[in-house]
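The values are calculated or read from the model by the stated rules, or taken from the named source; none is laboratory data. Only a predicted model underlies this, so the values are computations on that prediction, with no experimental measurement involved. Glycine gets a Cβ as well: all are built from the backbone with ideal geometry, and neighbour counts include every protein chain shown.
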Amino acid sequence: MTPTPDLEWLFARQRFGVHPGLSRVRALLARLGDPQERFRAVLVGGTNGKGSTAANLASSLTAAGERTGLFTSPHLTRFAERFVVAGAELPPDVVREALGHVRPHAEAQGASFFEIVTALGCLLFAGAGVGVAVMEVGLGGRLDATNVLDPELSVITNVALDHTAILGETREAIAGEKAGILRAAHPAVTGVDADLLPLLEARGADLWALGRQVTLETTSLGWNGWDVRLRLPGAVLAFRTPLLGEHGARNAALAAAAAHRLGVGEGAIRAGAAGVRWPGRLEVLPWRGGRVILDGAHNPDGARALVSALRGLGVEHLPVVFGSAADKDVAGVAAALRAVASEVILTRAALSPRAADPADLAPLFEGLPVRLADSPGAALDLLPPGGLAALCGSLYLIGEVRPLVLGEAGEAWERWQ
């Protein structure tokens, strides 16, 4: 998007950080005429996989004939990626005009970056005549800005240790925060581990859990994805997803179960699952006669899922390009990646002030060949041609690498959230 004073102002708000709470965004939406009340909503939360689950669900709803909005964060390369209607990003001029309307109200409320973006999404979806919006939760759940909406259904993909300084130091504490998006007596779907289910069930939602009310059978199609068969109360669903990794199949299954609970038929679920694309998450792209796998594995759980997916595809060792935000459990991610890394190229997202210095990451890969690159482009240049490599870590890094691989221009915004 072309820089404007309003966009410059918005991205500068990232430096004020994250401030959990609902009062500011609720007041902001009220000043905007409560646009969130003009469409139905679904909330999708979880530690990992919430974006792909939301994209799957939105795809099935669109295939069923619903005018569907999809709100996700962060974006990879374009700010407008966060606001998708009927499968297409809203035009940049529409986003800019709406932001100009939101700005004075946001300044009056002292709203944070994500609160502004959430309110902007609601205003855009209402203006676009969306019937149902699938909203990816930003951080946690209970106090996340998206939780001002009243969801008719909620999804919690899983719970792992991440953002512990804000959400709590234990899985139980984090699960309690994420359970805040559930509504009593409203349908919900989850893939959390069995030991955490009581924390979710305490919210009184009509909860279906993967492994209990929902059982999953998968058949690997290798690099082409998965065949999935779901048994639900009163129904059996069968579909194919192009998403890679067992976690990709699980996320597609959660989305299919959620779509079924929203009244979507099997044909639309099959069409939606087959048509979904989720860039930067186990995404395979051609590069200099070979291929690269882009994956935003930024916490240990995500890194282990990446390693499992690679091994499931018959990949035991490959070059790994890695960069991370400094405030993540980088040691845990590195411990997982060591299992498949033949060599490691360490770099950093040029536009992210949170990025760790590559030199500080090098000791975590002691015993492996390690090279340092001062930019994502330089890291790509170090990859041997004609082979397979993994580029992983911070989504901000993936957002800078992807347009380089595709030969596209990226947006030069400083990236924090």
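At-a-glance table
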read-out: Condition met for residue 188 (free of Cβ contacts under 8 Å to residues at least 12 places away in the same chain, among the hydrophobic types (A, V, I, L, M, F, W, C) and not in a loop (DSSP other than H, G, I, E, B)); value: no
read-out: Matching residues, the stretch 380-413, being under 16 Å from residue 289 (Cβ atoms), without any contact (Cβ under 8 Å) to a residue 40 or more places away in the chain and assigned to a loop (DSSP other than H, G, I, E, B); value: 407
read-out: Yes/no for residue 291 being within 14 Å of the chain's Cα centre (by Cα), within 30 Å of residue 240 (Cβ to Cβ) and among the basic types (Lys, Arg); value: no
read-out: Count - residues of the stretch 294-339 that are touching a Lys or Arg at 6+ places or on another chain (Cβ under 7 Å) and either over 21 Å from residue 417 (Cβ atoms) or buried (at least 17 other Cβ atoms within 10 Å of the Cβ) (or both); value: 8
read-out: For residue 416: the one exception among (1) out of contact with any helix residue (DSSP H, G or I) (no Cβ under 8 Å at 6 or more places or on another chain); (2) hydrophobic (A, V, I, L, M, F, W, C); (3) within 30 Å of residue 11 (Cα to Cα); (4) not in a helix (DSSP H, G or I); value: (1)
read-out: Residue match in the stretch 44-58 (condition: surrounded by fewer than 18 Cβ atoms within 10 Å (Cβ to Cβ), out of contact with any Pro (no Cβ under 6 Å at 6 or more places or on another chain) and not aliphatic (A, V, I, L, M)); value: no
read-out: From 121, 129, residue being part of a loop (DSSP other than H, G, I, E, B) and either touching a residue at least 40 places away in the same chain (Cβ under 8 Å) or surrounded by 23 or more Cβ atoms within 10 Å (Cβ to Cβ) (or both); value: 129
read-out: Filtered residues of the stretch 347-379 (kept if more than 23 Å from the chain's Cα centre (by Cα) and not in a helix (DSSP H, G or I)); value: 357, 366, 367, 368, 369, 370, 371, 372, 373, 374, 375
read-out: Residue match in the stretch 204-224 (condition: under 30 Å from residue 377 (Cβ atoms) and surrounded by fewer than 24 Cβ atoms within 10 Å (Cβ to Cβ)); value: yes
read-out: Filtered residue count, the stretch 64-75, keeping only those that are of a type outside the set (Asp, Glu) and surrounded by fewer than 23 Cβ atoms within 10 Å (Cβ to Cβ); value: 6
read-out: Verdict on residue 48 being touching a residue at least 12 places away in the same chain (Cβ under 8 Å), outside any helix (DSSP H, G or I) and not β-branched (Val, Ile, Thr); value: yes
read-out: In the stretch 136-155, residue nearest to the chain's Cα centre (by Cα) [restricted to those that are part of a strand (DSSP E or B) and hydrophobic (A, V, I, L, M, F, W, C)]; value: 155
read-out: Test: residue in the stretch 339-357 that is farther than 28 Å from residue 113 by Cα and of a type in the set (D, E, K, R); value: yes
read-out: Set 25, 84: member being surrounded by 20 or more Cβ atoms within 10 Å (Cβ to Cβ) and in a strand (DSSP E or B); value: 84
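Each row is one residue, and each column tells you yes or no for (1) at pLDDT below 95; (2) closer than 18 Å to residue 42 by Cα; (3) not in a loop (DSSP other than H, G, I, E, B).
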site: 162; (1), (2), (3): yes, no, no
site: 166; (1), (2), (3): yes, no, yes
site: 176; (1), (2), (3): yes, no, yes
site: 184; (1), (2), (3): no, yes, no
site: 212; (1), (2), (3): no, no, no
site: 219; (1), (2), (3): no, no, yes
site: 231; (1), (2), (3): no, no, yes
site: 237; (1), (2), (3): no, no, yes
